[in-house]
Amino acid sequence: MISTVDLLIAVAFGFAISIGAHYTGACMGMPYAAGTIRPLPALLLMAPLAFLGAALASSGVEATVGHGILETGAVALGVALAIVTSALVLTSAYNFLTLPTSTIQILVFSTVGAGLAAGIPIDGTTLGTLLVLWAVAPFAAFALGFLYLRAADRVRAPRPGVARLGTGAMVALVGVGTAASFAMGANDVANASGAFVMTGLFGLVLAGTVGGLGLAVGVLTWGQPILRRVAFDLVRLDARMATAAQLAQSSVILVSVAFGYFTSLNQALVGAMLGVGVARGQSTVLWKPIRAILGGWAIGPISGLALGFALTTVVVRCCSG
């Protein structure tokens, strides 16, 4: 018979796989769109870097997810399973729809819904800090993308007629993609493996390492269909714009992680892409798919709160019965 512990580990690892696939476009979509790297090499490069980010730099975020959202010493295994299952189901559904919602916001609001259903107090300070960060991060990425591109254009004026990228531009673009991959591992792994910390099953480093393995598997097995969406549908980018956008995204994410908090990789990327688009003229921005993505961001937290509450209610009733 499968125990609750075994089921929690299996579901959390599956969620990590889903996360790895979900963020391939946000990490390596730019280099791929610019033609500097093919899909398979992009994913082969991304997978180990995501693992390293998770294993080496995720402890602060793991602590926030494991101990900072719900005010309790340890979360019951059934409640943690309900949280991770809610987030996995919703993220998988949005992956299927190729809608880049925020996995982090789904997870946090699934946790809040579970806490409300189980009668566990919510840490308002942590939740408030995350809400402020999520509101600020896209604007910070927008500003950095705008400034990075303007600075680059001032150093060397863009040459629209030049289609072929130089070696330096190609290396820079792939380099910022690898930085984004590392940042994703550090930023997002706790969405899945934070459940191990909540319940006291694993320590911070082991939780990040196990979750990082799942991220890498997801990148390699399910990542390629997701790789195209963000890069090709939102902004018409040249290589310099793509590099500035990816660098702005990574800057915002790594600063957040350094303080033990996590924010949406997709929101930071879209904000940065809008920033570089505006720096070159608003006609480069494709607003229709951006509006669809904004709708997805609204749906994610609401659906996470509802499903987390519902599944935990079932778990609590079953246990009390």
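Might you check whether a residue that is without any contact (Cβ under 8 Å) to a residue 12 or more places away in the chain and of a type in the set (Val, Ile, Thr) occurs anywhere in region 164-178? Spell out the reasoning first.
As a first pass, look at region 164-178 and keep what is without any contact (Cβ under 8 Å) to a residue 12 or more places away in the chain: 164, 166-168, 171, 175.
Now narrow it down to the ones that are of a type in the set (Val, Ile, Thr): 167, 171.
Yes, some residue in region 164-178 is without any contact (Cβ under 8 Å) to a residue 12 or more places away in the chain and of a type in the set (Val, Ile, Thr).
Going through region 72-122 one residue at a time, which ones are over 25 Å from Ser3 (Cα atoms) and assigned to a loop (DSSP other than H, G, I, E, B)?
Hits for region 72-122 are Leu97, Thr98, Leu99, Pro100, Thr101, Ser102, Pro121.
Does Ser86 meet the test of being under 14 Å from the mean Cα position of the chain (by Cα) and either under 16 Å from Ala16 (Cα atoms) or not small (Gly, Ala, Ser) (or both)?
Numbers: under 14 Å from the mean Cα position of the chain (by Cα): no; either under 16 Å from Ala16 (Cα atoms) or not small (Gly, Ala, Ser) (or both): yes.
When the stated conditions are applied, Ser86 does not pass them.
Have a look at Ala151, Ala140 and point out the one that is surrounded by fewer than 18 Cβ atoms within 10 Å (Cβ to Cβ), in a helix (DSSP H, G or I) and not β-branched (Val, Ile, Thr).
Numbers: Ala140 fails: surrounded by fewer than 18 Cβ atoms within 10 Å (Cβ to Cβ).
Selected residue: Ala151, the only one of Ala151, Ala140 that is surrounded by fewer than 18 Cβ atoms within 10 Å (Cβ to Cβ), in a helix (DSSP H, G or I) and not β-branched (Val, Ile, Thr).
Among the residues of region 3-40, count how many are of a type in the set (A, V, I, L, M, F, W, C) and in a loop (DSSP other than H, G, I, E, B).
Let us first name the residues in region 3-40 that are of a type in the set (A, V, I, L, M, F, W, C), namely 5, 7-13, 15-17, 19, 21, 26-28, 30, 33-34, 37, 40.
Now drop any that are not in a loop (DSSP other than H, G, I, E, B), which leaves 34, 37.
Counting residues in region 3-40 that are of a type in the set (A, V, I, L, M, F, W, C) and in a loop (DSSP other than H, G, I, E, B) gives 2.
Taking region 48-59 only, how many residues are surrounded by fewer than 24 Cβ atoms within 10 Å (Cβ to Cβ) and either free of Cβ contacts under 8 Å to residues at least 40 places away in the same chain or small (Gly, Ala, Ser) (or both)?
3
What are the pairs, 6+ residues apart or on separate chains, where a residue within region 4-30 that is closer than 13 Å to Val217 by Cα and surrounded by 24 or more Cβ atoms within 10 Å (Cβ to Cβ) has its Cβ under 6 Å from a residue that is at pLDDT below 90 and not polar (S, T, N, Q)?
What qualifies is Ala21/Trp222; Ala21/Gly223; Ala21/Ile226; Tyr23/Leu265; Thr24/Gly223; Thr24/Ile226; Thr24/Leu227.
Only one of these is under 19 Å from the mean Cα position of the chain (by Cα), at pLDDT below 95 and among the polar types (S, T, N, Q): Thr209, Thr221. Name it. Write out each step before concluding.
Values: Thr209 fails: at pLDDT below 95.
Sole residue among the options that is under 19 Å from the mean Cα position of the chain (by Cα), at pLDDT below 95 and among the polar types (S, T, N, Q): Thr221.
In region 176-232, which residue that is hydroxyl-bearing (Ser, Thr, Tyr) and closer than 12 Å to Phe51 by Cα is surrounded by the most Cβ atoms within 10 Å (Cβ to Cβ)? Before the answer, list the steps.
Applying the first criterion (hydroxyl-bearing (Ser, Thr, Tyr)) to region 176-232 yields 178, 181, 193, 199, 209, 221.
Imposing the further condition that a residue be closer than 12 Å to Phe51 by Cα reduces the set to 178, 181, 209.
Details: Thr178: 20, Ser181: 29, Thr209: 18.
This residue is Ser181.
The values are calculated or read from the model by the stated rules, or taken from the named source; none is laboratory data. Because the structure is predicted, anything quoted here is derived from the model rather than measured. We place every Cβ from the backbone using ideal geometry, glycine too, and count neighbours over all the protein chains shown.
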